[in-house]
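Single-structure report; data block below.
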Amino acid sequence: MSSNLKRRFINKVFVALCSLSTLLAVGMLALILGSLIVNGAGGLHLSVFTQDQPSPGMSGGLRNAIIGSIAMCVVAMIIAVVLGIMAGTWLSEYSRNSKYGQAIHFLNDVLLSVPSILVGLFVYEIMVRPFHGFSAFAGAVSLALLAMPIVTRTTYDMLQLQPNTLREAGMGLGASQGLVIRSIIWKAAAPGLLTGGLLGFARISGETAPLLFTALGNQFLTLNMTEPMGSLPTTIFQFAMSAYDDWRNLAWVGALLIAMAVLTINILGRVMTRGGKR
Amino acid sequence: MTNKDNTVEDLEQFIAPPAAENLNLEARNLDFYYGTHQTLFNVSLPVERNKITALIGPSGCGKSTLLRILNRIYALYPQQYAVGRVLLDGKDILTDHDTLTRLKERGDTVTLDPLGDDISQIRARIGMVFQKPTPFPMSIYDNVAYGVRLHFNKSRQELDQIVERSLHRAALWDEVKDKLKESGLSLSGGQQQRLCVARGLAVEPEVLLLDEPASALDPVSTARLEETLMELKKDLSIVIVTHNLQQAARISDYTGFMYLGNMIEFCSTDRLFARPKTRRARDYLTGRFG
């Protein structure tokens, strides 16, 4: 009886601890979102999307930064998704049990957790210094380098989930391995591959450090990828540390926009994967 | 029982094997290795045209392995290799460089009569259906048309006819004729398995290999599948691996009993079930082990 009591007690304590830590984690998130909304929502006017970033004391918005962010993220994601899916497919389908494949797999996992500032410095060395100038394209490449390992890893995991009999069934009909991958395995894994892309996008949408070394920032609107380009994270970085109230308010708005974008993307990803599972 | 007891010639001690001219597919003296681990020992299997040949035996005895050699699907895995001959209509299909080298190493001096190098064509002539249904993530129509599009250049109309005929032959047409555009994954397990049969039939194979096709199906679906197979043997030869002894007895003409990588007995199904020659087969059939 006493051991029974003890068991129940331990159970209660354990459940309480679990609930507490969950509460802490969710509470933090709620606090962050709450302060973003409290401080940012007030400044969320149409002008944020229609005007470029102002000089101190003037009115303005974040148009150049928003468009810059979207442009660089889109280019980065195109690079990361194409290379990442290819790499993940190679790792899963072609390099089975080979030493070389295992080494690449390990290196990719290392790349997953490389500090983003290192990636920024790396791209600075190979793309900014040689060409004597910061460029949006260098920014996109550094973001792609951050997203690619995520896409690669997710692709690998999702392809590994596909049963071998599916591959054998395809090849049993006489299809080549490449065709089976393209016409059957990718299709079967499509929701997972999409999730990988979205995870990668969520990761890079708020990255600041690599952009400071590569795209630098630009207070004017530009779509020229060979020039420095503004982005939400670098603008937030610049404005949040400034002494001007209107700049700091815009930084809050920018932070809120990024948070909302990431949230939307994650929800979208969830919905789409669920739709695919049937 | 030693390895030497089961070459094709020795099968005659059990019962006269199918006449050579009636053989559609034949495995001769096959050894099989997973890496260095040997799992098949000098196994031979004659597959007579327009008959159902069943492979029975306890789990891990090599039935599926044997089946996977017959259409060379094992070759997808670098660690696995077979040594021996597989003949499709008298022509060798195990003619890859590796197998030839190993045949020589083993001391076989036969000259092969290769069917050709195109493994894709070989696999088109020897269809395979797996234990779990493997519908592709596409519409029912595209599932059936997959292999046809691969090998033949058919017009839309011809393709429609082939799809309909294949689904008819697999006894699935009536259930899916109104929803050919729906995903193959939306069907029930039994329907999915018959869809896989239809997909295999669409490329007009001569031989159909089935690896425990009914083990994931309920009794009603199993009965339908068996009816389908009985119907199909008019047009092609069937090899079926099964754990279900009643199933083997019901539908097959010949049965091979395998144990620990050896073909212990091979003869007509009636004969094997009525009067098994070996004690192992007798014990297995009466449920004393396995």
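The values are calculated or read from the model by the stated rules, or taken from the named source; none is laboratory data. Values in this document were obtained by computation on a predicted structure and should not be read as measured data. Cβ sites come from the backbone with ideal geometry, for glycine too, and all protein chains shown count toward neighbours.
General remarks:
- Filter result (surrounded by fewer than 19 Cβ atoms within 10 Å (Cβ to Cβ) and in contact (Cβ under 8 Å) with a residue 40 or more places away in the chain) within the range A:210-237: A:Gln219, A:Phe220, A:Leu221, A:Thr222, A:Leu223, A:Asn224, A:Met225, A:Thr226, A:Glu227
- Applying a threshold of 8 Å to beta carbon distances and a minimum spacing of six or more residues, or different chains, the list of pairs starting in the range A:92-117 at a residue that is within 14 Å of chain B (Cβ to nearest Cβ) and ending at one that is assigned to a loop (DSSP other than H, G, I, E, B) reads A:Arg96/B:Pro78; A:Asn97/B:Pro78; A:Asn97/B:Gln79; A:Gly101/A:Ser95.
- Any hit, the range B:187-205, residues being free of Cβ contacts under 8 Å to residues at least 24 places away in the same chain, over 23 Å from the mean Cα position of the chain (by Cα) and surrounded by fewer than 22 Cβ atoms within 10 Å (Cβ to Cβ): no
- Failed criterion for B:Glu227 (all others in (1) of a type in the set (Asp, Glu); (2) over 17 Å from B:Lys51 (Cα atoms); (3) away from chain A (no Cβ under 14 Å); (4) free of Cβ contacts under 8 Å to residues at least 60 places away in the same chain hold): (2)
- Among the residues of the range B:116-150, those that are within 15 Å of the chain's Cα centre (by Cα) and either free of Cβ contacts under 8 Å to residues at least 60 places away in the same chain or at positive phi (or both) comprise B:Ile122, B:Arg123.
- The range B:258-290, residues that are surrounded by fewer than 16 Cβ atoms within 10 Å (Cβ to Cβ), modelled with pLDDT of 90 or more and in a loop (DSSP other than H, G, I, E, B): B:Leu260
- Filter result for the condition that a residue is in contact with a Leu (Cβ under 6 Å, 6 or more places away or on another chain), without any contact (Cβ under 8 Å) to a residue 60 or more places away in the chain and outside any loop (DSSP other than H, G, I, E, B), over A:Ala175, A:Ala189: A:Ala189
- The range B:199-211, residues that are under 15 Å from B:Leu70 (Cβ atoms) and part of a loop (DSSP other than H, G, I, E, B): B:Pro205, B:Glu206
- Members of the range A:205-219 found to be part of a helix (DSSP H, G or I) and among the hydroxyl-bearing types (Ser, Thr, Tyr), listed by number: A:Thr214
- All conditions but one from (1) touching a residue at least 60 places away in the same chain (Cβ under 8 Å); (2) surrounded by 18 or more Cβ atoms within 10 Å (Cβ to Cβ) apply to B:Val83; the one that does not is (1).
- Test: residue in the range B:106-117 that is exposed (fewer than 15 other Cβ atoms within 10 Å of the Cβ) and within 14 Å of another protein chain (Cβ to nearest Cβ): yes
- Filtering B:Thr255, B:Thr228, B:Thr222 for residues that are among the β-branched types (Val, Ile, Thr), assigned to a strand (DSSP E or B) and surrounded by 18 or more Cβ atoms within 10 Å (Cβ to Cβ) leaves a single hit, B:Thr255.
- Once the range A:238-267 is narrowed to residues that are small (Gly, Ala, Ser) and part of a loop (DSSP other than H, G, I, E, B), the residue that is nearest to A:Phe49 (Cα to Cα) is A:Ser242.
- Selected residue (only one of A:Thr234, A:Thr195, A:Thr222 is β-branched (Val, Ile, Thr), under 11 Å from A:Gly68 (Cα atoms), in contact with a Gly (Cβ under 8 Å, 6 or more places away or on another chain) and assigned to a helix (DSSP H, G or I)): A:Thr234
- Considering the conditions (1) within 13 Å of chain B (Cβ to nearest Cβ); (2) touching a residue at least 40 places away in the same chain (Cβ under 8 Å), A:Glu207 is excluded by exactly one of them, (1).
- Residue within the range A:156-171 that is more than 14 Å from chain B (Cβ to nearest Cβ) and either of a type in the set (Phe, Trp, Tyr) or within 30 Å of A:Gly43 (Cα to Cα) (or both) present: yes
- Residue within the range A:26-45 that is touching a Leu at 6+ places or on another chain (Cβ under 6 Å) and assigned to a helix (DSSP H, G or I) present: yes
- Positions within the range B:212-232 being farther than 23 Å from B:Leu70 by Cα and not small (Gly, Ala, Ser), in sequence order: B:Leu217, B:Asp218, B:Pro219, B:Val220, B:Thr222, B:Arg224, B:Glu227
- Some residue of the range B:198-206 being within 12 Å of chain A (Cβ to nearest Cβ), closer than 14 Å to A:Gly170 by Cβ and not small (Gly, Ala, Ser): yes
- Helices (runs of 4 or more DSSP H) wholly inside the range B:127-183 containing at least 1 residues that are surrounded by 18 or more Cβ atoms within 10 Å (Cβ to Cβ) and within 12 Å of chain A (Cβ to nearest Cβ): B:140-151
- Candidate set: the range A:174-198, residues that are within 9 Å of chain B (Cβ to nearest Cβ), out of contact with any Ser or Thr (no Cβ under 9 Å at 6 or more places or on another chain) and of a type in the set (A, V, I, L, M); chosen: the one surrounded by the most Cβ atoms within 10 Å (Cβ to Cβ): A:Ile184
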